[in-house]
Amino acid sequence: MSGPSGWFARLKAGLSRSSSSLTERVAAVVSRRKLDAATIEELEETLIMADLGVETSALLVKEVARDRFGREVTDIEIREALAVAVARLLEPVAEPLPHRARFRPQVVLVCGVNGTGKTTTIGKLANQAVAAGLKVVLAACDTFRAAAVEQLEIWGWRNGVPVVRGKEGADPAGLAFDALERARAEGADLLLIDTAGRLQNKQGLMDELRKIVRVLKKVDPDAPHDVVLVLDATTGQNAHNQVEVFKDMVDLSGLIVTKLDGTAKGGVVVALARRFGLPIHAIGVGEAIDDLRSFEAAAFARALLGLESANGG
């Protein structure tokens, strides 16, 4: 696994589509111009176009302009100031997925629309947990999608951890119950549960997820201990809708944002942080097994604005 400076380089490369689009626009707006009302308005529009959201963009520009209004500024100065403001906004939500040692196993229910990278994310989380010396069990509760079950089994094999699966079409809640019973019997530290993400029938999915939660509580009244929503950054503003939909279904405790390397919409992470205030546990910038890392506010902000890391990495 690469060190901090190596990770920042990959983060910056992963966010290059988002950052190059944003930095070019910022440069076009503010390069060697006074920060007047017209420049501020253009800068705000630039941030909105980068998916930071209307309210968030207004807030950030106001902060940047506070002690610079009427001054001649450079794009580097503005990007540095924006990075500080973005990091300040992100800091309260930058929380790694907690390790709840008092629960054995800690039960993490992983939700998300099909195609967000949910199953792959579970595989990567399992890999990190095993590397940290934890005993892990996976549960393939997206029982109507054979491909999802097979994918999770591949991740189980890679990580050397058991995968609890049922017959195609089996009751997901019953399978979650069996998985938790098995994880307890085997003294596992962590149970990661993959779930369906079919939004075509929202009511059916809602009933299914709520039933899983009810059944888990029969084994452990505190379970699930974490309910994590995986979002695909390439969907941009649609990610907001997904958070709203899943918040109606289950008590979300945190977010993981994937596929940031495949989009110019990386700014959506900032908008999500401000709108929902949910912990952002991790972000993904590629397919490699260690391309999912804990979310760090300052590193993300600087990479998004096309800057070097604070320590020069």
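The values are calculated or read from the model by the stated rules, or taken from the named source; none is laboratory data. These figures come from a predicted structure and were not determined experimentally. Cβ sites come from the backbone with ideal geometry, for glycine too, and all protein chains shown count toward neighbours. Surface areas here come from the heavy atoms of the whole protein model, side chains and all, with no ligands, DNA or RNA. Shrake-Rupley method; radii C 1.70, N 1.55, O 1.52, S 1.80 Å.
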Exercise. Any idea how many residues of the stretch 96-134 are assigned to a loop (DSSP other than H, G, I, E, B) and more than 18 Å from PHE177 (Cα to Cα)?
Worked result: 16
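Of everything in the stretch 192-206 that's in contact (Cβ under 8 Å) with a residue 12 or more places away in the chain and in contact with a Lys or Arg (Cβ under 9 Å, 6 or more places away or on another chain), which residue is farthest from VAL245 (Cα to Cα)?
Taking the stretch 192-206 first, the residues in contact (Cβ under 8 Å) with a residue 12 or more places away in the chain are 192-199, 202, 205-206.
With the extra rule that they be in contact with a Lys or Arg (Cβ under 9 Å, 6 or more places away or on another chain), the set shrinks to 194-198, 205.
On the way: ASP194: 18, THR195: 15, ALA196: 14, GLY197: 11, ARG198: 12, LEU205: 11 Å.
This residue is ASP194.
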For this session: Among residues belonging to the stretch 58-95 that are part of a loop (DSSP other than H, G, I, E, B) and acidic (Asp, Glu), point out the one that is least open to solvent (accessible area, probe 1.4 Å).
Result: GLU95
Exercise. From the list ARG182, ARG210, which residue is part of a helix (DSSP H, G or I), within 29 Å of ASN238 (Cβ to Cβ) and without any contact (Cβ under 8 Å) to a residue 60 or more places away in the chain?
Worked result: ARG210
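Okay, residues lined up against (1) open to solvent by 10 Å² or more (accessible area, probe 1.4 Å); (2) touching a strand residue (DSSP E or B) at 6+ places or on another chain (Cβ under 6 Å):
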residue: ASN127; (1), (2): yes, no
residue: ALA132; (1), (2): yes, no
residue: ALA140; (1), (2): no, yes
residue: ARG145; (1), (2): yes, no
residue: ALA148; (1), (2): no, no
residue: GLN151; (1), (2): yes, no
residue: ASN159; (1), (2): yes, no
residue: GLU168; (1), (2): yes, no
residue: ALA179; (1), (2): no, yes
Seminar exercise, completed: Only unsatisfied item for THR119, checking (1) within 23 Å of PHE246 (Cα to Cα); (2) in contact with a Lys or Arg (Cβ under 8 Å, 6 or more places away or on another chain), is (2)
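Within the group ASP222, ASP194, which residue is touching a Ser or Thr at 6+ places or on another chain (Cβ under 9 Å), among the charged types (D, E, K, R) and under 22 Å from LYS135 (Cβ atoms)? Before you say what the answer is, go through the steps one by one.
On the way: ASP222 fails: touching a Ser or Thr at 6+ places or on another chain (Cβ under 9 Å).
Checking each option against the conditions leaves just ASP194.
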Problem set entry | Checklist (1) farther than 28 Å from ASP189 by Cα; (2) over 14 Å from the mean Cα position of the chain (by Cα) applied to GLN242, failing item | (2)
